[in-house]
Amino acid sequence: MNNFIVRTITGIIFVTAIVVSFLNPVAMVFLFSLVTGMTIWEFAGLVNGRENVQINQFICSVAGVLFFLAMAVHARGLDTLNLAFIPWLATIIYLIVAELYMKAKDPIANWAYTMMSQLYIALPFSLLNILAFQFTNSDVPWLLPLSVFIFLWVNDSGAYCTGSLLGRHKLFPRVSPGKSWEGSIGGGVFVLIAAWLISYITTSKGIVTNLTTLQWMGMGLVVVVFGTWGDLVESLFKRTLGIKDSGNVLPGHGGMLDRFDSSLLAIPAVVVYLFTLALL
């Protein structure tokens, strides 16, 4: 019961912080630059526990934050020459060159994990800026990035409830024995309903979102598929390291990777989906 209360309180604070941040561009940039740095710090600390792996935890985290801020500047049209990316690029070059002089037992692994921290974590979070600032030709520009998380939350809740009641066939037993096909399908159905509701409410209120009902539902399915894969990828990562939770920074919920695992694949997939729609 105590764990349930702690988990509930943490969840309420977590959801409230994300929802409120998307209503204010400055708050969004501040919150997710912090999230990016904390998540990379956690990731680097975990991989440094592997044999012959030692990446620079602090500089990797700084590089990720620099990348996020550079993308925020670029997405808002404040840096047409992309000069904001120079500090990030210089930091990455330093990390790569420094490895030549560290005399590490496995420098290739260090390079790989260093770049993975940027591609797996910093890049997806940075793409939130594209959703928030480039797809802004609507009455509610904050709705696109927020809807990604709404769909992820609905999918998780729907999959848990459906899987608990009807789950029989395991989705990926080697990595996540608790997930079932029935739960995944149920989560997808709930997300489709949530997408339809968003479209219905915005249309009935005369709010322009530049997405049709089918396009909203398509976006919901993209989040379901790639969010599920993101969850499985992080589960595989934890199984490889032999750990249960990625950390304990969020009481009752584990670490930053535990909370944002689904979004790390869902966000880039949604950006690609929306750019594809724009080209059609």
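Here are a few things to note about the model shown:
- Couplings 3J(HN,Hα) for the stretch 47-61, derived from phi with the Karplus relation 6.51 cos²θ - 1.76 cosθ + 1.60 (θ = phi - 60°), are 5, 5, x, 7, 5, 6, 10, 8, 9, 7, 4, 5, 5, 4, 5 Hz, where x marks Gly and Pro.
- Here Cα extents along the principal axes in Å was calculated from the structure, and among (1) 62, 49, 37; (2) 55, 40, 38; (3) 57, 46, 38 it sits at label (1).
- Surface per residue (accessible, 1.4 Å probe) for the stretch 36-125, Å²: 52
- Theoretical ellipticity at 222 nm over the chain - DSSP helices of four or more residues, -39500 (n - 2.57) apiece, nearest 500: -22500 deg cm²/dmol
- Backbone phi angles across the stretch 199-211, fed through the Karplus curve with coefficients 6.51, -1.76 and 1.60 (θ = phi - 60°), yield HN-Hα couplings of 5, 5, 5, 5, 5, 5, 8, x, 8, 7, 10, 6, 10 Hz in residue order; Gly and Pro are listed as x.
- Gyration tensor verdict on the stretch 125-206 (Cα atoms; rounded if a/c is under 1.5, prolate if a/b is larger than b/c, oblate otherwise): oblate
- In order along the stretch 180-193, phi translates into HN-Hα couplings of 10, 5, 4, x, 5, 5, x, x, x, 5, 4, 5, 4, 5 Hz, rounded to whole numbers, per the Karplus curve 6.51 cos²θ - 1.76 cosθ + 1.60 with θ = phi - 60° and x for Gly and Pro.
- Residue-level accessible surface for Arg239, protein heavy atoms, 1.4 Å, Å²: 130
- Gyration tensor verdict on the stretch 7-157 (Cα atoms; rounded if a/c is under 1.5, prolate if a/b is larger than b/c, oblate otherwise): oblate
- When you restrict to C-alpha pairs under 8 Å that are six or more residues apart and normalise by the size of the stretch 222-271, the relative contact order lands at 51 percent.
- When all protein chains stay in place and ligands, DNA and RNA are ignored, the 1.4 Å accessible-area order of Asp258, Asp156, largest first, is Asp156, Asp258.
- For the chain, with +1 on Lys and Arg beta carbons and -1 on Asp and Glu, the positive-most of Thr36, Pro177, Ile198 along the dipole: Pro177
- Theoretical FRET efficiency, 1/(1+(r/R0)^6), r = Cβ-Cβ of Val15 and Leu279, R0 25 Å, to 0.05: 0.15
- Rounded percent of accessible protein surface that carbon and sulfur make up, the chain, 1.4 Å probe: 70
- Per residue, the stretch 134-194 exposes 53 Å² of accessible surface when a 1.4 Å probe is rolled over the protein heavy atoms with every protein chain present.
- Cβ charges +1 (Lys, Arg) and -1 (Asp, Glu), total dipole of the stretch 67-176, debye: 440
The values are calculated or read from the model by the stated rules, or taken from the named source; none is laboratory data. Please read these numbers as outputs of a predicted model, since none were measured by experiment. Counting neighbours? That spans all protein chains shown, and the Cβs are built from the backbone with ideal geometry, glycine included. The protein model used for the area step is the full one, side chains on, heavy atoms only, and it has no ligands, DNA or RNA in it. Shrake-Rupley method; radii C 1.70, N 1.55, O 1.52, S 1.80 Å.
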